[in-house]
Number of protein chains: 2
Amino acid sequence: MDDIDLKIIGLLALDAKRSLADIGGSVGLAPSSVNERIRRLTASGAIRRFTLDLDPAAMGMQTLVFVWIALREDADETAFREYAANHPLILECHHVTGAWAYLVKLRVSAPPEIEGFLADLKEHRFLGRSETVIALSSPVPGSFTPKDM
Amino acid sequence: MDDIDLKIIGLLALDAKRSLADIGGSVGLAPSSVNERIRRLTASGAIRRFTLDLDPAAMGMQTLVFVWIALREDADETAFREYAANHPLILECHHVTGAWAYLVKLRVSAPPEIEGFLADLKEHRFLGRSETVIALSSPVPGSFTPKDM
DNA sequence: TACGCACATGGATGACATTGACCTCAAAAT
DNA sequence: ATTTTGAGGTCAATGTCATCCATGTGCGTA
């Protein structure tokens with residue numbers, strides 16, 4: 001992965017619809033060369049996929065929530081990870097250092113929906129303690145790509 | 001935005017390179033109709049852009065970090081937001097409820113790099129107190145789309 | 001009933017990705 | 001020093017695809 005690869009990735013990250021000829025012009029390569037590099041980057045896994053960056057509000061997911069979670073002593077950690085991976089609202093789940101075991105990031109349409117989320121966690125006997133943090137605004141929102149649909 | 005729009009978005013989110021004919025087959029529309037719907041979704045802002053989902057490790061950004069930040073009393077909040085928006089390492093920055101003012105998410109190549117990040121925050125006179133949390137593993141990693149390049 | 005709008009269709013057109021044959025350069029082997 | 005090898009580039013041919021437009025269709029409204 002050299003500078004040209006990085007440049008190509010940078011251009012595609014901003015606009016994945018740019019033509020190979022266009023990109024080639026920007027990096028000084030023929031279209032087919034750009035194509036071959038993209039093919040290699042995809043094959044190697046550096047590019048995971050071509051996808052969309054969506055507007056959460058337009059998708060009805062206005063509220064961004066972070067939940068710190070300490071699992072129950074007797075919780076099945078593997079089951080929890082699988083649960084998180086398949087949960088449509090959970091955008092990210094990280095095992096973290098510090099006082100809490102997991103940090104979960106999710107989007108809901110409105111705050112009341114968080115209650116249902118936590119209740120479901122409890123029902124599955126995962127939830128020990130938790131702390132919920134809601135984003136009021138986002139100077140740097142990050143990209144939004146739902147999992148399921 | 002109806003069910004068909006959602007289905008189209010879902011398909012494109014998984015693979016934004018699928019052809020219009022292919023998508024049309026899945027949703028029961030002619031290619032040109034799918035095209036028109038995508039055009040509308042993009043024009044309305046529901047689709048922000050076509051982009052890439054990258055492998056952070058392949059990009060040399062193995063370490064995921066969350067930093068809780070309380071700004072200095074005399075900090076220029078607007079300047080901080082701008083700083084965050086332009087910082088290449090900061091993937092997200094949210095103004096949040098709770099004991100801390102901001103939650104910042106960033107990726108670095110390795111933990112030692114975090115020190116430089118915090119030092120820079122201090123130099124800009126933003127940083128009051130902070131607490132740093134590092135992700136050990138990520139059952140649900142989320143997508144990765146760097147900002148700059 | 002008649003009108004108008006929003007959306008779907010299908011075919012023409014040109015742009016584009018894709019492919020393969022060939023070329024170039026540099027590093028490794030003889 | 002010369003040959004070999006391989007990675008990566010160019011160019012041109014090919015076929016797929018996005019795009020555009022003229023037309024058709026159903027539905028809510030006057």
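The values are calculated or read from the model by the stated rules, or taken from the named source; none is laboratory data. If you're wondering where the values come from, they're calculated on a predicted model, not measured in any experiment. No Cβ is skipped: glycine too gets one built from the backbone with ideal geometry, and neighbour counts run over all protein chains shown. Accessible surface is based on the protein model in full, side chains and every heavy atom, while ligands, DNA and RNA are left aside. Shrake-Rupley method; radii C 1.70, N 1.55, O 1.52, S 1.80 Å.
If you wrap chain A's Cα atoms in a convex hull and average its projection over all directions, what's the area in nm²? Write down the numbers at each step before the final one.
Numbers: hull surface 45.7 nm².
Hull-based average projected area comes out at 11.4 nm².
Which value, in square angstrom to the nearest 100, describes the accessible area buried between chains B and A on both sides, using a 1.4 angstrom probe?
Numbers: alone 9590 and 9620 Å², together 14040 Å².
Counting both chains, the buried surface is close to 5200 Å².
If you build the Cα gyration tensor of the protein assembly as shown and take the root of 5 times each eigenvalue, what three semi-axes come out, in whole angstrom, biggest first? Don't skip to the end; give the middle numbers.
On the way: eigenvalues 210, 130, 69 Å².
One finds semi-axes of 32, 26, 19 Å for the protein assembly as shown.
Given a 1.4 angstrom probe, what's the average accessible area per residue across the stretch A:1-110, in square angstrom? Write out the running numbers ahead of the final one.
Numbers: 4820 Å² over 110 residues.
Ligands and nucleic acids excluded, the figure is 44 Å² per residue.
Give me the count of lysine pairs in the protein assembly as shown whose alpha carbons sit under 13 angstrom apart, restricted to pairs 8 or more positions apart or on different chains.
So the count of such lysine pairs works out to 6.
Using the crude model of +1 on Lys and Arg Cβ and -1 on Asp and Glu Cβ, and no other charge, please compute the dipole size for chain B relative to its Cα centre, in debye to 20. Could you put the intermediate results ahead of the total?
Working: 16 positive and 20 negative charges, 79 e Å.
Its charge dipole is roughly 380 debye.
Assuming R0 = 51 Å, can you tell me the calculated FRET efficiency for the pair A:ALA99 and B:ASP22, based on Cβ-Cβ distance, to the nearest 0.05?
Values: r = 48 Å, r/R0 = 0.95.
Calculated transfer efficiency: 0.60.
Quick one: if the Förster radius is 25 Å, what FRET efficiency do B:ALA43 and B:ASN86 give, using the C-beta to C-beta distance and rounding to 0.05? Please report the intermediate quantities before stating the final value.
On the way: r = 28 Å, r/R0 = 1.11.
Step by step, r from the Cβ atoms, then E = 0.35.
When the accessible area of the stretch B:63-134 is computed with all protein chains present and a 1.4 Å probe, what percentage of it is carbon and sulfur?
On the way: 1650 of 3360 Å².
Reported share for carbon and sulfur atoms: 49 percent.
Share of Cα-Cα pairs in the stretch B:40-94 beyond 19 Å, in percent?
Working: 800 of 1485 pairs.
So the portion of pairs separated by more than 19 Å is 54 percent.
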